[in-house]
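One structure is given below, encoded as structure tokens.
The values are calculated or read from the model by the stated rules, or taken from the named source; none is laboratory data. Everything numeric in this text was worked out from a predicted model, so none of it was measured. Cβ placement follows ideal geometry from the backbone for every residue including glycine, while neighbour counts extend to all protein chains displayed.
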Amino acid sequence: MSRHPLQSIVSLAKRRGFIYPGSDLYGGFANTYSFGPYGAQLKKNIKDLWWRHFVEERTDIVGLDGPILLHPRVWQASGHVDGFSDALVDCKQCKSRFRADHLLEAAGKFNADTLPLQEMDQAILDLAVECPHCKKREWTLCRHFNLMFTTQMSKVSNTEGSLAYLRPETAQAIFIDFKNILDTMRVKLPFGIAQIGKAFRNEITPGNFIFRVIEFEQMEIEYFIDGAQWEKNFEVWLESMHTWCRWIGLRPSCVHEKEHPKEQLSHYSKRTVDLVYDFPFGTSELYGLAYRSDYDLRQHEIYSHQALTYTDPETKAKYLPHVIEPTFGVERTLLALLCDAFDEESLADGSTRSVLRFLPRIAPVKAAVFPLMKKEPLTARAQEIFSTLRSHFVCEYDASGAIGKRYRRQDELGTPYCITIDFDTLQDGTVTVRDRDTMEQIRLADHKILSWLQTHLSR
Ligand code: ATP
């Protein structure tokens, strides 16, 4: 379990410009968030690293950027119109709304989400489930609630009416472009299509900060394989997902695998393993890995009346590829990174230091440059060094306030190194470089700073 309460992370995130409540000016808008300057940079780093790791550095995966609004029949074919729903139940007393399976599981009923509605109603009675808010036991009947947001379009097609859905996952945009990719790219099985993009879910009980929100980003890969090879590919992908977690700096002891029992598998999945993370509020899903069989391509063949078969270039055998899907949430990655990196340290002078111990590759700001005082010629020299460094990586210049406060501010942003230009710099051309984690300072010749940082930031 994470060593610090979520509240410490939430308040640092707001105080330091990582994450603000959505529509703050208007009193907030439930379960929406704005990513401030450092949060936006951190998100960008996550997405850039993911794209580099899974697309640019591999020869078997190509990228895609599909639309959020897809033809409504896509969601009929995928099963989302009929099946993408949770059972909800309301407390008659305080009007709070809950996911029935979450209430039942908290009361000890295993696999509650597989129960038909009537059995859920009965189980709520049998287990004397209390409302977590007002402790009363007066419930409405359970009913299904589709998680897809709908919107109206002025023009979809003559036959379909004007209803459209905001996509609840990026995956379907990939499946419906599978044929375009086959026809235009020199891809050969096994190969993957990767996409990063927004998804929307009208969650019944969002919460735990940005863990469960209604608008979020997914980084997904649909990896197309010969169905006979699925088990081997599944294991390889599981390992690749662990490698990614280590690479971005999540401590391995906080990342675990959770196999979905057969009865709990989604309608499309033959095997699913979640990578769960020890968040401060409990161990919960970070990422998912699913074997989707040929379900999606088969459904889209039926609904679009178009063949989506693959022809093996050597044997000329024609078949529908099967799919392994590793899926990664951007917000959950960001939250796990914040929880993992956050630390509070008691210092010898009795004060407490908050610090985000991000790996340099993840840190939103790589280095900060300070003149010891806001005085010429210190500021001019500091500006010179700053402008050299900022053309290579994200850097900050800060000349205001006591130097100790400036260090503390950068510690809370997770900036790995701070460079201070002082009076010795003017004499001997050396600067101090302060390490965020050890707080140790070394002196370096100013012309060596760039190469020193390049080496140390690539760790
Ligand atoms: P959960 O069981 O937590 O609702 P899920 O199994 O429905 O999640 P998937 O459909 O597998 O989630 O979505 C893929 C990934 O998208 C998840 O592993 C997670 O990282 C992210 N994700 C899903 N729903 C949300 C949400 N409401 N808010 C933020 N991220 C989400």
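Between Ile302, Ile324, the distinction of being outside any strand (DSSP E or B) and not acidic (Asp, Glu) belongs to Ile302 only.
Can you pull out the residues in segment 208-239 that are aliphatic (A, V, I, L, M), surrounded by 17 or more Cβ atoms within 10 Å (Cβ to Cβ) and within 15 Å of the ligand (Cβ to nearest atom)?
Ile210, Val213, Ile214, Met219, Ile221
Determine, yes or no, whether Phe328 is of a type in the set (Phe, Trp, Tyr) and either within 14 Å of the ligand (Cβ to nearest atom) or surrounded by fewer than 20 Cβ atoms within 10 Å (Cβ to Cβ) (or both). Judged against the criteria, Phe328 is a match. Restricting attention to segment 271-299, the residues that are of a type outside the set (S, T, N, Q) and within 16 Å of Gly83 (Cβ to Cβ) total 5.
Every residue, every condition in (1) farther than 23 Å from Phe54 by Cβ; (2) modelled with pLDDT of 95 or more; (3) not charged (D, E, K, R), yes or no:
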| residue | (1), (2), (3) |
| --- | --- |
| Lys232 | no, yes, no |
| Glu235 | no, yes, no |
| Glu239 | no, yes, no |
| Gly249 | no, yes, yes |
| Glu257 | no, yes, no |
| Leu265 | yes, no, yes |
| Val273 | no, yes, yes |
| Phe279 | yes, yes, yes |
| Leu286 | no, yes, yes |
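Of the residues in segment 132-147, at least one is in contact with a Cys (Cβ under 9 Å, 6 or more places away or on another chain), among the acidic types (Asp, Glu) and outside any strand (DSSP E or B). Of the residues making up segment 62-81, just one is closer than 17 Å to Leu147 by Cα and assigned to a strand (DSSP E or B), namely Leu69. Each residue in segment 343-363 was checked for being surrounded by fewer than 24 Cβ atoms within 10 Å (Cβ to Cβ), assigned to a strand (DSSP E or B) and not small (Gly, Ala, Ser), and 6 pass. Within segment 47-57, can one find any residue that is assigned to a loop (DSSP other than H, G, I, E, B) and surrounded by 18 or more Cβ atoms within 10 Å (Cβ to Cβ)? Looking for residues that are assigned to a loop (DSSP other than H, G, I, E, B) and surrounded by 18 or more Cβ atoms within 10 Å (Cβ to Cβ), one finds none in segment 47-57, hence no. Only one entry in Cys142, Cys134 is in contact (Cβ under 8 Å) with a residue 24 or more places away in the chain, away from the ligand (no atom under 12 Å from the Cβ) and either touching a helix residue (DSSP H, G or I) at 6+ places or on another chain (Cβ under 9 Å) or under 26 Å from Ile302 (Cα atoms) (or both), namely Cys142. In segment 240-270, the residue that is surrounded by the most Cβ atoms within 10 Å (Cβ to Cβ) out of those that are more than 23 Å from Leu338 (Cα to Cα) and away from the ligand (no atom under 13 Å from the Cβ) is Lys270. Evaluate the following for His80: is it within 30 Å of Ile302 (Cα to Cα), within 25 Å of the chain's Cα centre (by Cα) and surrounded by 16 or more Cβ atoms within 10 Å (Cβ to Cβ)? When the stated conditions are applied, His80 passes them.
Among the residues examined, Thr205 does not qualify as out of contact with any Gly (no Cβ under 6 Å at 6 or more places or on another chain) and more than 16 Å from the ligand (Cβ to nearest atom).
Looking across segment 412-450, the residues that are farther than 15 Å from Ala367 by Cβ and aliphatic (A, V, I, L, M) come down to Leu426, Met439, Ala445. Out of curiosity, is Ser284 within 16 Å of the ligand (Cβ to nearest atom) and either within 30 Å of Lys405 (Cβ to Cβ) or among the polar types (S, T, N, Q) (or both)? Yes, satisfied.
Between Phe279, Phe386, which is under 26 Å from Gly17 (Cβ atoms) and within 16 Å of the ligand (Cβ to nearest atom)?
Phe279
The single residue among Leu297, Leu275 that is of a type in the set (A, V, I, L, M), in contact (Cβ under 8 Å) with a residue 40 or more places away in the chain and crowded, with 17+ Cβ neighbours inside 10 Å turns out to be Leu297.
In segment 409-459, what count of residues is obtained for those that are among the charged types (D, E, K, R) and under 15 Å from Phe358 (Cα atoms)?
7
When segment 11-40 is filtered for residues that are within 17 Å of Asn208 (Cβ to Cβ), touching a residue at least 40 places away in the same chain (Cβ under 8 Å) and surrounded by fewer than 17 Cβ atoms within 10 Å (Cβ to Cβ), the ones remaining, listed by number, are Ala30, Thr32.
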